[in-house]
1. Just one of 290, 275 is of a type outside the set (Lys, Arg), out of contact with any Leu (no Cβ under 7 Å at 6 or more places or on another chain) and assigned to a loop (DSSP other than H, G, I, E, B); which is it?
2. Just to verify a result, which residue in region 127-145, among those that are in contact with a Pro (Cβ under 7 Å, 6 or more places away or on another chain) and farther than 21 Å from residue 44 by Cβ, is surrounded by the fewest Cβ atoms within 10 Å (Cβ to Cβ)?
3. Every residue in region 157-174 that is part of a loop (DSSP other than H, G, I, E, B) and either surrounded by fewer than 23 Cβ atoms within 10 Å (Cβ to Cβ) or acidic (Asp, Glu) (or both), please.
4. Which of the residues that make up region 35-66 are in contact with a Gly (Cβ under 9 Å, 6 or more places away or on another chain) and assigned to a strand (DSSP E or B)?
5. Would you point out the residue of region 100-121, among those that are surrounded by 17 or more Cβ atoms within 10 Å (Cβ to Cβ) and of a type in the set (A, V, I, L, M), that is nearest to residue 226 (Cα to Cα)?
6. Could you please let me know if residue 124 is surrounded by 16 or more Cβ atoms within 10 Å (Cβ to Cβ) and at pLDDT below 95?
Amino acid sequence: MLSVTIWGDRGSIPCPGKDTVVYGGNTSCLEIRADKKLVIIDFGTGIKPFGDWLMSNDLKDGPIDADIFITHTHWDHIMGFPMFAPLFLPASRLRIRGPVSYEDETLEQIIGAQLTYRYWPIRLNELSAHIEYAQIKETSLDLGDGLWVTTKYLNHPVLCLGYRFEYRGKSIVTAYDNEPFRNLFPTDPNDPSYDEDAAKEGDAAAREENEKVLRFFQGADVLVHDSQYTAAEYEKHLGWGHSSFEYAINAANKAGAKKLILFHHDPNRTDIQLAGLESEYRKRTAGKTAMKIMMAREGLRIEA
C-alpha cells in the first residue's frame with residue numbers, strides 16, 4: 001500500500017492561531033509510506049509533531065529508518081530540522097537528499113547552518129543519529145523494497161525538485177513550490193524590445209517545459225500540487241515560484257491525475273477561506289472531471 005499523510009501544508013512561514021486550526025499552520029512536511037517503508041518530504045515545522053509521533057509509534061518496532069527528500073532549501077522547507085526528535089537517537093538512520101542551487105555550501109552545510117550557537121543550543125556534530133547527505137538533480141532512484149522515486153526540476157527562484165514515487169503500480173507525485181513556465185521575452189510588437197524570433201523561441205521553450213511537467217504528472221494516483229494563489233492573486237506574484245488553484249486543477253486534469261491535493265497554502269488564508277475555496281472549485285469542476293479535488297490539511301491521509 002502506498003499512502004501520503006500531511007503534517008504541514010503552509011507556505012512561507014508558520015501561522016498558528018485560531019484561524020488555522022482546521023487546515024493547520026505548520027510549513028511543509030509529508031509522510032510517504034510504501035507498506036512499512038518510510039519516506040519524508042521536507043523539514044518544515046510539520047516535522048516537529050511528526051517526529052514526536054514517530055517516537056511514540058514507530059520506535060517501539062525498531063529504530064527509525066527513513067529516506068528524506070528536500071524539495072529545495074528555502075527556510076520554510078528546512079526550518080523544522082533542529083526539532084526532529086529522531087535526530088537525537090543513535091540508532092536512527094536518515095538519508096537526506098535534495099537539490100542545491102549554485103552555491104559553495106553542500107546540502108549538509110545549508111541545513112546544518114541552523115544548528116550553530118547563534119541560532120540553536122545544539123550543534124550539527126552533536127546529533128546522535130547516523131545521517132547521510134546527498135545532493136541530487138533530475139534522476140531515478142531505487143529506494144528498495146519495490147519503491148522508486150523519479151525527480152523533476154520545477155519552476156522556482158532556487159533549484160527545486162518535484163518527486164514521483166512509484167510502488168506496486170501506484171504513484172504519488174509532489175509539485176511544489178512550482179509556477180507554470182512562461183515566455184520571458186516581450187510578445188507585443190509595439191514593445192521597443194520586441195524581437196519576433198526571440199518571442200517565438202520563448203513561447204516554444206515555455207510550452208516544452210510545461211509539457212515536460214505534465215508528463216511527470218501523467219496518470220498519478222495522487223498529485224500534491226502548489227496552489228498558493230487564486231488566479232487573480234497569481235497575476236500580482238509572477239516569478240515568485242507558486243501556482244494558482246486554477247492552474248493546478250487544469251494541469252492535474254490534463255495529466256489524468258486521479259486525486260489532487262491543493263497544497264502550500266498562503267499563510268494569510270484562514271480556515272473559512274480555504275473551506276470556501278475548496279467548495280467553490282469542486283462546484284466549478286463538477287461533471288467536468290472524475291478527478292477528486294481536496295484541500296490539504298494537517299492529518300489528512302490519502303491512499304494511492
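1. The conditions single out 290.
2. Across region 127-145, the extreme among qualifying residues is 137.
3. 157, 158, 159, 168, 169
4. Across region 35-66, the qualifying residue is only 37.
5. Within region 100-121, the match that is nearest to residue 226 (Cα to Cα) is 100.
6. Here the answer is yes, as residue 124 does meet what is asked.
Residue-wise test of (1) modelled with pLDDT of 95 or more; (2) under 18 Å from residue 263 (Cβ atoms); (3) touching a Pro at 6+ places or on another chain (Cβ under 7 Å).
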{"position": "147", "(1), (2), (3)": "yes, no, no"}
{"position": "168", "(1), (2), (3)": "yes, no, no"}
{"position": "174", "(1), (2), (3)": "yes, yes, no"}
{"position": "181", "(1), (2), (3)": "no, no, no"}
{"position": "188", "(1), (2), (3)": "no, no, no"}
{"position": "204", "(1), (2), (3)": "no, no, no"}
{"position": "210", "(1), (2), (3)": "no, no, yes"}
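The values are calculated or read from the model by the stated rules, or taken from the named source; none is laboratory data. Source: prediction; values computed, not measured. We place every Cβ from the backbone using ideal geometry, glycine too, and count neighbours over all the protein chains shown.
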